[in-house]
Every structure is written in structure tokens, then in C-alpha cells.
Amino acid sequence: MPVNKGLQWPTDRLAAALTIDQKQRIMYLGIGNSQKGGIFKSSDHGKSWQLLTRKVKFDRIGVSRPKGRGLIVVDPGDSKIIYAGSYKDGIFKTTDGGITWLRKGLDGKCVSSLLINPANPQIVYASSVIGKERGKDFQGGIFKSSDGGDGWIKIGDMIGDAHQLVMDPTNPNIIYAACGGQGIFKTIDGGNVWVAKNKGLEELMPAKLNLSNIKYVSLTIDPQNPEIIYAGSGERRGQIYKSVNGGDYWVKLTGKRENIYPEGWWIKETNWPGGAGYFANCLLVDPTNSKRIYSAGRSGIWRSDDGGVTWRAKVKGLEATCLHQIAFDPKRPDIFFVGASDWVFLQSGERGKTFERSLKGIGNWDEKEDKNIWEKYRMKNGLCFAIDPRHETSTVYLGGDATEINSGTIFKSTNGGKDWHEANKGLPVAGVTALAIDPANYDTVFAALTEKGLYKTINGGKEWEKVTTGKTDTIFQRKGNLILIHPKSSRVIYILDKGNGVYKTVNGGKDWEIISEDLPQDGIKGMDQFVGGMALDPDNPDIVYVGLRKHGVYKTADGGKKWKKVTPSCIVHGGAMGIDPHDGALYLASVPGVGDEDIGGFTPGIYKSADGGRNWVPIHNDDLLTISLKIICLAIDPHGQGKIYLTTQGNGVIVGEPYEYSSYK
């Protein structure tokens, strides 16, 4: 459940640092943003947040390397004293619990972690990583202050890139440092002398030395036995190592595939711990159970319950699914289908309480028995659906886009998505970005193919032929294109080709005209998979709504001859849309396009118009702004449940009631 009350959108969307004052039970949150950023405070376990300062920025932390660990630390003897390490701006300190903050040196350093000596809180350590921006290099290393941050000296001259520091809980003079391509270093005298502790770290053995590929970035100490340390690497191959003798020798824990258990986790082996794409960005030992270790990395949370021998994915509730189109089964009210990145196809049960993925006939990386099909035909992303509702178990068409092996195709299922077969005879090799089925003749299906134009089948996918010619031979380069066939006049078809325009036919696809030439062309060309949408009035085929980037929503009542803007200035973007089949209300997802996240005065969210666009009211926007709002598709439950379904880029499916707040005119 999101706990973001008090955080502004979009400036506070990037969490970069989090720490808890164990004495006061207060949480401090650092936000990473190049424009504002800041530090927030919560006294109610994250239910609400209070801004302390915008002075401290964590620019780029949490978005691109370097990652920060322990960037906010509280003096163990005085909760009003807090240090914060920023990216490029050095160290900040408050002595009044966050009311005022002063800069305390190390300007220009990319601070990656901080430590306070609990026996003498005037002694503070900071690590920094190598950074580069706009041609300027930032030098890394380890630094020490003996006067509460007023002055700093560099310690460990041979260390040039330090990602994390950890301190022995029984002896504050013993400190370990994860130093990127240099491996692990240790001091036993508070930082005066540092010794490399790399014996057993296979990636750093002389014959395998490759500093550009292997970086040690994370450390943790067993609080019950400080001689036991764990180290993690990133940058191309994330391994986890363990030492039981204070770093004198390391043993690799993640080198055997038979000891890694994804437990249903979809991600392929290269992103498991020890895989070529894994990043062991953060490690933690359970303070009450020394056998339990957590690793947070590129593919979620992994846990070991036996001291690192075996690892299991623990990601339930963290699945950052990136979804595309959603389509409801017309025969089964509890079922809907979702096209997904990487997962390809998901089918819900109980209106989204459960999901299953059946790709028999398509092939995917975790179905070994489908290996031959996987090699030849596998999709990467399921982008669009068309559904034939004539039978008790619906017939489903699924279009997808390119992979390394296949450049997109159409699959068909005659049993509601359990089994699939190709339905692409006559189609060129290309990604499929939109599908639509003729409601007057369910054997007729239209498909938009990337850079190839519009295709049509009249026999349920047995054969396809190209139907676009001349000016309407559109390219469909972008995801989120739409083909909308009017439900009561199926010879009238509209196509939204994102980036190119809106096309229309009144004779079932024989002849086409472009009807978007009077619309703001920069709004059309600026569309991406989040911005840009279209909806048809279910009773009048001449009434069409089109959403544009930076221009809101336009409406035509004469089939595209004339257009009028129907959204107020607070609705900057026009995105995914849907019309409720029960009451005719129009719903709009107004979310930022790529690069538009910080437009001033823009209030993203869901909006409703019950009068054809004359008046608009926001729907659930206070709830939706607690997540990263990237909505791709908006659909309204056709079975009379009154619910709105949103597919998102990274937040799965969001379901909400159409509850209204205040109106905008």
C-alpha cells in the first residue's frame, strides 16, 4: 500500500534515502530530484510526511548510478543531530531536528554513505563514488571528520571509488568499505590504515581482473557475530560473497544455479543473483536471525534463510508489471485479459484478484516444453487484443511486438486464452500495435503493423491482405495506436496512428481520409504510449474525441470536419479514454508524456465528463498521485460493475470506483 501522503507529485516521486531514528521512532526520507528534492519526516510510520527542507538534494540517486546507502544518519546520542549526504553538494547537517540545515563540506563529492562513531559522535565518516556530468569528473574516496563535520580529511589514499561503509557494531574503529572495482578494504584503527581484503573474490583475481565490469557496491555485518560479513557486486554480474573471519577470506554464495529458487518469479536467469544482469545493490542481515539475509537488487528482493547457501525470490506484491491493453471477456464477467511487457499475456480471475499466464503455443522462457516454439516465435510484449464473443468460450486475437528472435506477429486462441496458434498468413514480419474486430462480422479483423500499414482478414485470421493505400499507408511506429470500429455502424472506422494523425473510412476500409489536419500538429507528433487517445460516441459515429500531448482533448461532432477543444487549462495532456456504455460518461487519463513530468501547473489524474466534454470533474486523483502515474490504457467494466480499470507502466492494473471530487470548468 502506498504511504505517500504529504509528498508532492511529481517532484517527490523518487525516493533516494530512508532511515529510522530508533529512539524517537521517526522516519526520514530523502527525495532525489534535480530541480527540488529534499528531506521529509514522518512521525506516524509513514502514513504522512512533513517537508523539512528542499536545500538537500539527492539528484540522480535512485535513478541512475551511483546508488546511495545510509545517506541520512541520526546521531545515536542526540536525535536532533542529523547528517545527510547529497549528490554533488556534499554533506549537510542539522542540530535542531531538521528545522535548519547547514552545508558541511565535501562540495562536489558524490556521497554514497555516512557513518557516525557511536562512542564519539563527533567522528563522522563519508564515502563517495566516482562521478561524471557534462564532461566534469568527480573524484571518489573515503573522508573523515573529527569535529562533527566542520572539517574533513581524505583517508585511504589508494581508494578512489567507495560505494558503502559499514562499521563493526562492537568496535567502531573497525570499518569495511566496498570500493567498486578495487574490491573490499578494511581498517582497524579508525581509518588511518586501510588494507585490501580481496582473497577469494574471484572476479578480482589477476587473471579475471576487469574493473569496468565488476564493482563491489554493498556490505552488511552480522550484528550477532561481527566476524561474518557479506559483500555484493553489481555492474554486469552481481554476486554475493561471505566471510566468516573479518574479510580475510571470501566464499561465493551465488555461483550455483541449483541454489537459486525463483519460486515462480518470471524474470530470466541472467537477472537472478549471480546472473550477468544482476545488481546486489543492498544487503541486510536480520538482527534477530543471523541465518536470514536479504539482497535487494535489479530483480526485487531475494532472501536466504540458511546463511547464504540458498536464495529465494521474495517479491509478492512487488511485481512491477508494465501493462498495455486491457480487454474484458464478454461472456465471463470475472475475466479480463491484459497484454504485458515480458509476461506477454495475463488472464485475470475474480476481476483481478488472481492472474494466470498461459502461453501454450506462443512459447516463453519458463516453459521448457515449448522450447522449439520459443526459439522461433516468442513474443516479448503483448500489445493488443480483439475478441470474438460468439462462443461460450471467447476467441481471442493477440498482437505483439519484436524480440531478438521474432519481430512480432498475431496469435489466436479459440478457448479463451488457454492455447494459441499463429494467425498471420499474408502478414509481413512486423510488430502489431493495434487490433479491432468488426462487430457486424466477427470474422473480419483489422491489424496495424509497425512500418507496414493496415491489414485485414475476412476469415478469422486464416489469411490477411493489406487494405491501406497512398496517404493512409500509415507507419504505426509507436505503441498505443488504436483502431476503433463504430458499434452501430461498422463501416465507419477511425484509426489513431500516434505521431501521424487520425484516419477515417466510411466504407469498411476501401477508402480512407485523414481528418486530423486541423488539430495541433505538435500535439499529434508528440504522442507516446502514455499520451494520446481516442474515443467514439457509441450512438453517433460522427462524434469523436482525440487526446493530444500538451493540448488536452479535442472533439468533433461532424466526423472530423471541424474540431473544438473541450478541456480546461488544468488538463494539459489528453491520454487514454473510455466511454461508459451505461451512462455515456467520458473518462480521460491525463498523465505526463516522456519528459513532461515536471510541467508547472499540471494536475495529472483521471477526469470525467458527463456532458460531452463541456464540464470535467477529477476522479480519485488524490489516490492516484500516491503512485508513479504512467497510465497506458483506460477501460470501463462493461458488465455493469461501475469500475474503471487502468493499465500502468510499472504498477500493474489499478481498479477504482468513479467517485467524483470537485468540478473544473
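The values are calculated or read from the model by the stated rules, or taken from the named source; none is laboratory data. Keep in mind that this is a model prediction, so the values were computed, not measured. Neighbour counts are summed over all protein chains in view; Cβ atoms, including those assigned to glycine, are modelled from backbone coordinates with ideal geometry.
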Tell me which of these Gly600 doesn't satisfy, since it passes every other one: (1) farther than 27 Å from Gly382 by Cβ; (2) assigned to a loop (DSSP other than H, G, I, E, B); (3) at pLDDT 80 or above. (3)
Checked against (1) closer than 21 Å to Ala434 by Cβ; (2) of a type in the set (A, V, I, L, M, F, W, C); (3) modelled with pLDDT under 90, Ala576 satisfies every condition except (3)
How about the range 524-577: which of its residues are within 24 Å of the chain's Cα centre (by Cα) and on the phi > 0 side of the Ramachandran plot? Gly532, Lys550
Given the criteria in contact with a Gly (Cβ under 6 Å, 6 or more places away or on another chain), part of a strand (DSSP E or B) and without any contact (Cβ under 8 Å) to a residue 60 or more places away in the chain, does Leu454 qualify? no
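Could we say that Gly499 is assigned to a loop (DSSP other than H, G, I, E, B) and surrounded by 15 or more Cβ atoms within 10 Å (Cβ to Cβ) here?
yes
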All positions within the range 129-158 that are at pLDDT 90 or above and under 19 Å from Gly232 (Cβ atoms): Ile142
Tell me whether the range 471-480 contains one or more residues that are under 18 Å from Thr433 (Cβ atoms) and of a type in the set (Gly, Ala, Ser). yes
Filtered residues of the range 180-213 (kept if modelled with pLDDT of 85 or more, hydrophobic (A, V, I, L, M, F, W, C) and within 24 Å of Leu253 (Cβ to Cβ)): Ile184, Phe185, Val195, Ala196, Leu201
Could you list all residues from the range 135-146 that are of a type in the set (D, E, K, R) and touching a strand residue (DSSP E or B) at 6+ places or on another chain (Cβ under 9 Å)? Asp137, Lys144
Give just the number: which of (1) more than 18 Å from the chain's Cα centre (by Cα); (2) within 30 Å of Gly417 (Cα to Cα) does Val315 not satisfy? (1)
Please determine whether any residue of the range 298-321 is acidic (Asp, Glu), in contact (Cβ under 8 Å) with a residue 24 or more places away in the chain and crowded, with 16+ Cβ neighbours inside 10 Å. no
So is Phe328 at pLDDT 85 or above, within 21 Å of the chain's Cα centre (by Cα), surrounded by 15 or more Cβ atoms within 10 Å (Cβ to Cβ) and over 30 Å from Gly200 (Cβ atoms) or not? no
For the range 422-448: of the residues being within 31 Å of the chain's Cα centre (by Cα) and outside any strand (DSSP E or B), which is farthest from Cys384 (Cα to Cα)? Val429
Can you tell me which condition Tyr494 does not meet? The list is (1) of a type in the set (Ser, Thr, Tyr); (2) modelled with pLDDT of 95 or more; (3) within 15 Å of Asn441 (Cβ to Cβ), and all the others hold. (3)
Those residues that are of a type in the set (A, V, I, L, M, F, W, C) and either under 21 Å from Val467 (Cβ atoms) or at pLDDT 90 or above (or both), I need them from the range 395-429; list them, please. Val396, Leu398, Ile410, Phe411, Trp420, Ala423, Leu427, Val429
When only residues in the range 579-597 that are at pLDDT below 75 and among the charged types (D, E, K, R) count, which is nearest to the chain's Cα centre (by Cα)? Glu597
Would you pick out the residues in the range 1-38 that are assigned to a strand (DSSP E or B), surrounded by fewer than 20 Cβ atoms within 10 Å (Cβ to Cβ) and modelled with pLDDT under 80? Ala15
It is to be established whether one or more residues within the range 513-529 are buried (at least 21 other Cβ atoms within 10 Å of the Cβ), basic (Lys, Arg) and out of contact with any helix residue (DSSP H, G or I) (no Cβ under 6 Å at 6 or more places or on another chain). no
Within the range 100-125, track down each residue that is at pLDDT 90 or above, assigned to a loop (DSSP other than H, G, I, E, B) and of a type in the set (A, V, I, L, M, F, W, C). Trp101, Ala119, Ile123
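Would the range 166-175 turn up any residue that is surrounded by fewer than 18 Cβ atoms within 10 Å (Cβ to Cβ), closer than 24 Å to Ala17 by Cα and touching a Pro at 6+ places or on another chain (Cβ under 7 Å)?
yes
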Looking at (1) closer than 18 Å to Ile632 by Cβ; (2) crowded, with 19+ Cβ neighbours inside 10 Å; (3) of a type in the set (Lys, Arg), find the lone condition where Arg478 falls short. (2)
Look at Lys479 and say whether it is assigned to a loop (DSSP other than H, G, I, E, B), basic (Lys, Arg) and under 36 Å from the mean Cα position of the chain (by Cα). yes
State the number of residues belonging to the range 330-340 that are touching a Gly at 6+ places or on another chain (Cβ under 7 Å) and of a type in the set (D, E, K, R). 1
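Would you please name the residue that is nearest to Asn481 (Cα to Cα), looking only at residues in the range 341-351 that are of a type outside the set (D, E, K, R), surrounded by fewer than 22 Cβ atoms within 10 Å (Cβ to Cβ) and at pLDDT 80 or above?
Ser341
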Considering the range 359-368, residues that are farther than 17 Å from Gly399 by Cβ and touching a strand residue (DSSP E or B) at 6+ places or on another chain (Cβ under 9 Å), and then whichever is modelled with the lowest pLDDT, we arrive at Glu367
Count of the range 390-421 residues which are in a loop (DSSP other than H, G, I, E, B), among the small types (Gly, Ala, Ser) and either touching a residue at least 60 places away in the same chain (Cβ under 8 Å) or in contact with a helix residue (DSSP H, G or I) (Cβ under 7 Å, 6 or more places away or on another chain) (or both): 3
Subset of the range 374-389 [in a loop (DSSP other than H, G, I, E, B) and either at pLDDT 90 or above or closer than 17 Å to Thr433 by Cβ (or both)]: Met379, Lys380, Pro389
Quick check on Gly560: is it of a type in the set (Gly, Ala, Ser), surrounded by fewer than 23 Cβ atoms within 10 Å (Cβ to Cβ) and assigned to a loop (DSSP other than H, G, I, E, B)? yes
Number of positions in the range 239-270 that are within 23 Å of the chain's Cα centre (by Cα) and either at pLDDT 85 or above or outside any loop (DSSP other than H, G, I, E, B) (or both): 2
